[in-house]
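The numbers here are math on the coordinates, done by the rules we state, and not lab data. Because the structure is predicted, anything quoted here is derived from the model rather than measured. Glycine gets a Cβ as well: all are built from the backbone with ideal geometry, and neighbour counts include every protein chain shown.
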Amino acid sequence: QDLARKLSGGKKPLFENTRVIVVGSGKGGVGKSTVSVNLAVALARLGFKVGLLDADVLGFSVPRLLGIVGERPYALDEHTILPLEKYGIKVISMGNFTDEDTPLIWRGPLLGGVLDQFFNDVYWGDLDYLVLDLPPGTGDVPLTVMQKLPEAKFILVTTPQASASHVAGRIGYMAKKVNLEVIGIVENMSYFECPNCHQRYNIFGEGETEKLAEDLGTEILVKIPIEIKVRELSDIGTPAALSDGEEGLPYMKLAEKVV
Ligand code: ADP
């Protein structure tokens, strides 16, 4: 306990000198967690001290994306959890406190308790940026998390499909309503470029994200293509942003825009 107090300088570890980037989406499967993880890694590659908080407590996917499934954070005491570290970022995810295949069947209060612990009891040390991966949609948890972080900046992830950008708009408005600054939209799975003929195919359509950006009074930060390599690298726990190849570039560009 003494060590814990010494480490945290006697005060609660909060996000006072840390820029918090909240990453949200209107629905699941659009690549929100992939973007969160790669943004965190890309920011670290730019030389910043970065933390990644997986607030998608029930639907966590961060441990797999970072190749840390089965690793357990170390608790110094009941109120001091040390985050895991991988690829130069510090990480906390419910997935590292439970086993991957057991569904967590939790109601609101229990969920809120875990999030409170993630906010109050994780000892991050000095961080320049904290990337926070929200659960998808406009439910109670995303709303509560956003309300706790009035200084945070918000990034919206969507695909170009009308049905996706429509639900993305709802969480964008929610973020604005609780006074988060919506710094922009990531259009993920934007297009597919044939590796042989270099023809581009707009698999999910085009033009919807531009309309959404206009409606929300924000910009499109980056358009990320569908890439087999992005999916493959994610599946083996080595984020594309670590790569110097083409597949890493959109995430480096995103990080540069965020800074
Ligand atoms: P969400 O967090 O929105 O539910 P994920 O980040 O888990 O979505 O991504 C959903 C799936 O799509 C994952 O299998 C992921 O590897 C894949 N994926 C995400 N972005 C891309 C991309 N740009 N290219 C190819 N596959 C992608």
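Tabulated results
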{"quantity": "Helix 108-120 axis, angle to the chain major axis (alpha carbon atoms, nearest 10°)", "calculated": "80 degrees"}
{"quantity": "For the stretch 59-173, Kirkwood radius (reciprocal of mean inverse C-alpha pair distance, Å)", "calculated": "15.9 Å"}
{"quantity": "Where only alpha carbons of the stretch 2-258 are counted, the Rg and the Dmax (Å)", "calculated": "17.8, 63"}
{"quantity": "FRET efficiency, Asn120 to Asp235 (Cβ-Cβ, R0 30 Å, nearest 0.05)", "calculated": "0.35"}
{"quantity": "Over the chain: helical MRE at 222 nm, DSSP H runs n ≥ 4 each giving -39500 (n - 2.57), nearest 500", "calculated": "-10000 deg cm²/dmol"}
{"quantity": "Which of Asp128, Asp140 has the fewest Cβ neighbours within 10 Å, and the rest in rising order", "calculated": "Asp140, Asp128"}
{"quantity": "Per-residue Cβ neighbour rank within 10 angstrom, fewest leading, Leu134, Leu46, Leu221, Leu52", "calculated": "Leu46, Leu221, Leu134, Leu52"}
{"quantity": "Residue-by-residue Karplus 3J(HN,Hα) for the stretch 171-183, coefficients 6.51, -1.76, 1.60, Hz, glycine and proline x", "calculated": "6, x, 5, 4, 4, 5, 4, 8, 6, 7, 7, 7, 7"}
{"quantity": "Cβ-derived FRET efficiency at R0 35 Å, Lys148 paired with Arg72, nearest 0.05", "calculated": "0.85"}
{"quantity": "From phi via Karplus (6.51, -1.76, 1.60), per-residue ³J(HN,Hα) for the stretch 159-165 in Hz, x at Gly/Pro", "calculated": "9, x, 5, 4, 5, 6, 6"}
{"quantity": "Loop sites in the stretch 127-208: trypsin sites (Lys or Arg not before Pro), DSSP, at most 15 other Cβ within 10 Å", "calculated": "none"}
{"quantity": "Virtual spin-label span in nm between Leu46 and Arg200, 7 Å along Cα→Cβ", "calculated": "2.3 nm"}
{"quantity": "Cα long-axis angle, helix 32-45 against the chain (0 to 90 degrees, to the nearest 10)", "calculated": "70 degrees"}
{"quantity": "Listed residues Ala44, Ala55, Ala75, most fluctuating in the chain (Gaussian network, C-alpha, under 10 Å)", "calculated": "Ala75"}
{"quantity": "The stretch 2-258 - charge dipole about Cα centre, Lys and Arg +1 at Cβ, Asp and Glu -1, debye rounded to 20", "calculated": "420 debye"}
{"quantity": "Amide proton proximity set for Leu52, modelled H, under 5 Å, gap of 5+", "calculated": "Lys90, Val91, Ile92, Val131"}
{"quantity": "Residue among Ser190, Ser163, Ser234 with the largest mean-square fluctuation in a Gaussian network model of the chain, springs linking Cα atoms under 10 Å", "calculated": "Ser163"}
{"quantity": "For the chain, built as a Gaussian network whose Cα springs stay under 10 Å, the top-fluctuating residue of Asp54, Asp121, Asp99", "calculated": "Asp99"}
